[in-house]
Amino acid sequence: MVVYLGTSPYFWHMFVRKKKNRSGSVSIQIIQKVNRNNKVLKTIGSSSAPTEIERLYKQALYEMPRLYGATLFDQPKEASIYDLSNDNIRIIGPELVFGRIFNHIGFNQINDQLFKDLSISRITHPGSKLNLSEYLRENNREEITVDRIYYFLDRLNSRYKEKVEDISFNYTKCLLGGKIGVVFYDMTTIYFESSQPDEFRETGFSKDGKHHLPQIYLGLLVGKDDYPIGYDIFEGGIYEGHTLIPVIEKFEKRFNLDKPIVVADAGLLSSKNILALENKGYSFIIGARIKNEKDQIKTQILQLSLEDGQISKITKPDNTTLFISYSSKRAKKDLSNRERGLRRLEKSLKAGRLTKSNINNRGYNKYLLFKGELKIEIDYDKFKLDSRWDGLKGYVTNTKLSGDEVIENYNNLWKIEKAFRISKTDLKIRPIFHRLRDRIEAHICISFVSYLLYRELERVLPDNISIKKAIKAINKMYEIILNDKKIRLRNNETQEKIIEIVNAIF
């Protein structure tokens, strides 16, 4: 008879193996030797990263005696708090908060855990897809290789994009009382960390100031209070005005919209767009470029004597209405911008950087005066004359709305700009490192879902808890796994308030 004192015979015949896989990764396994055969008792995980392999190896060494170390004489010992390691701690905040919002909106109709993980991790661990591995590791979830993530992205857009837009539209429609009477449209550019353009990623006018890098255009359509309806992406060299009509028609047909009022920025204003909108029966509110109006209209505008907050109405020859408003706050900003532009011109002129061959008539270069072949001066009279436009803002519409109603609707466009800003900074939608179109579209689709989750949490938070503070608190909600039991650590005051609000509303 062989007696094993204090140690299981199984333990003496067990060891940890590092097994190299065909993919190049290494699997960490707990092996039991039975006679001359090796039996895999448990695979701890696999990775190709040396630091992660070492972590998995240590975890196997930790688990081996605890899982299989009971003796013939010893009673199984309950793990105590002194046996805990970091591997027993799991972050649960993202799933508790954003997982609940994800399900409430209806995205759980897409029964795919990886899609949910990608959408949530874009908020809590923004950046590259490699950060998803960190998110899953902190949540003690299955290890997912980058190759598997890319394989998933290659198929995500064709599988889920339409479903994502259906869910988002139905949720927005429900929040807005069952009717979408006004839609807001705007565009932004998203650049790529690559110097090689193609037929989709093209160089063009960049709103991020990255004119030398390939880019795409992202068009976003939202309802009142910036609830997203849908989006589309376009080649980087397209003129943004050419995207307005196709996007509006696409979503009107798909969601059976009843000819909503279309609100768009001045950059989308063109005589062709206005004519197309009218011919197709759309009402619209579009920002006007009042300095580009015909001389007759400009004369009428400059003859106005508006006080702060006043609005004047001008009927244009095409029977559309041009509302002109004046704001003293805007006038101060316009003056400040002009003076800053003038100072830059004076500095460049003094340094000799301005010549006829290297300047154009854009921006504040319009204040330059050419004399003869070589001499360039600043036309200060033109600068002073431009002050007549300070504080004036125009809005073109074919609706019967009052000036106040037109301006109120138009001013909601800043919320789309906020959505773009959140996506680019907080969710790190840019720069994009993908090259294949399927992966680019998948990246945008995930960011679209993440923005709606982000926006919904932000909407319900109290004034004393910012969204950034909330995300930081959410990432510090933990539970401990002890003796196969899950024990949640006590939340602090901020965390408890977030959970209370989310559980009550969603």
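The values are calculated or read from the model by the stated rules, or taken from the named source; none is laboratory data. These figures come from a predicted structure and were not determined experimentally. Here Cβ is always computed from backbone atoms with ideal geometry, including for glycine, and neighbour counts include all displayed protein chains. What goes into the accessible areas is simple: the full protein's heavy atoms, side chains included, and nothing from ligands, DNA or RNA. Shrake-Rupley method; radii C 1.70, N 1.55, O 1.52, S 1.80 Å.
Can you confirm whether the stretch 324-336 contains a residue that is touching a strand residue (DSSP E or B) at 6+ places or on another chain (Cβ under 6 Å), open to solvent by less than 20 Å² (accessible area, probe 1.4 Å) and either closer than 20 Å to SER402 by Cβ or among the hydrophobic types (A, V, I, L, M, F, W, C) (or both)? Looking for residues that are touching a strand residue (DSSP E or B) at 6+ places or on another chain (Cβ under 6 Å), open to solvent by less than 20 Å² (accessible area, probe 1.4 Å) and either closer than 20 Å to SER402 by Cβ or among the hydrophobic types (A, V, I, L, M, F, W, C) (or both), one finds at least one in the stretch 324-336, hence yes. Of all residues in the stretch 144-186, those being open to solvent by less than 30 Å² (accessible area, probe 1.4 Å), out of contact with any strand residue (DSSP E or B) (no Cβ under 8 Å at 6 or more places or on another chain) and assigned to a loop (DSSP other than H, G, I, E, B) number 1. Restricting attention to the stretch 385-409 and to residues that are hydroxyl-bearing (Ser, Thr, Tyr) and over 18 Å from ASP308 (Cβ atoms), the residue that is most open to solvent (accessible area, probe 1.4 Å) turns out to be SER402. For the stretch 278-303: of the residues being closer than 19 Å to ALA266 by Cα and hydroxyl-bearing (Ser, Thr, Tyr), which is most open to solvent (accessible area, probe 1.4 Å)? Among those residues, the one meeting the criterion is SER283. Please pick out the residue among LEU61, LEU72 that is modelled with pLDDT of 70 or more and either surrounded by fewer than 12 Cβ atoms within 10 Å (Cβ to Cβ) or closer than 25 Å to LYS485 by Cα (or both). Within the list LEU61, LEU72, the selection yields LEU61. Candidates ILE301, ILE285: the one that is touching a strand residue (DSSP E or B) at 6+ places or on another chain (Cβ under 8 Å) and assigned to a helix (DSSP H, G or I) is ILE301. Among the residues of the stretch 277-292, those identified as farther than 30 Å from ASP258 by Cα and at pLDDT 90 or above are ILE290, LYS291. Are any of the residues in the stretch 208-220 open to solvent by less than 30 Å² (accessible area, probe 1.4 Å), outside any loop (DSSP other than H, G, I, E, B) and at pLDDT 85 or above? Checked against the condition, which is being open to solvent by less than 30 Å² (accessible area, probe 1.4 Å), outside any loop (DSSP other than H, G, I, E, B) and at pLDDT 85 or above, the stretch 208-220 yields no hits at all. For ARG148, indicate whether it is at pLDDT 75 or above and within 20 Å of SER25 (Cβ to Cβ). The answer is yes for ARG148. Among the criteria (1) touching a residue at least 12 places away in the same chain (Cβ under 8 Å); (2) farther than 15 Å from ILE407 by Cβ; (3) surrounded by 12 or more Cβ atoms within 10 Å (Cβ to Cβ); (4) over 38 Å from the mean Cα position of the chain (by Cα), the one ILE314 does not fulfil is (2).
If you filter the stretch 249-276 down to residues that are closer than 21 Å to TYR410 by Cβ, in a helix (DSSP H, G or I) and at pLDDT 85 or above, you find that the one that is most open to solvent (accessible area, probe 1.4 Å) is GLU252.
Checking each residue in the stretch 462-486 for being loosely packed, with under 13 Cβ neighbours inside 10 Å and not in a helix (DSSP H, G or I) picks out PRO462, ASP463, ASN464, SER466, ASN483, ASP484, LYS485, LYS486.
Can you pull out every residue in the stretch 487-506 that is over 16 Å from ASN103 (Cα atoms) and either surrounded by 13 or more Cβ atoms within 10 Å (Cβ to Cβ) or without any contact (Cβ under 8 Å) to a residue 60 or more places away in the chain (or both)? The answer is ILE487, LEU489, ARG490, ASN491, ASN492, GLU493, THR494, GLN495, GLU496, LYS497, ILE498, GLU500.
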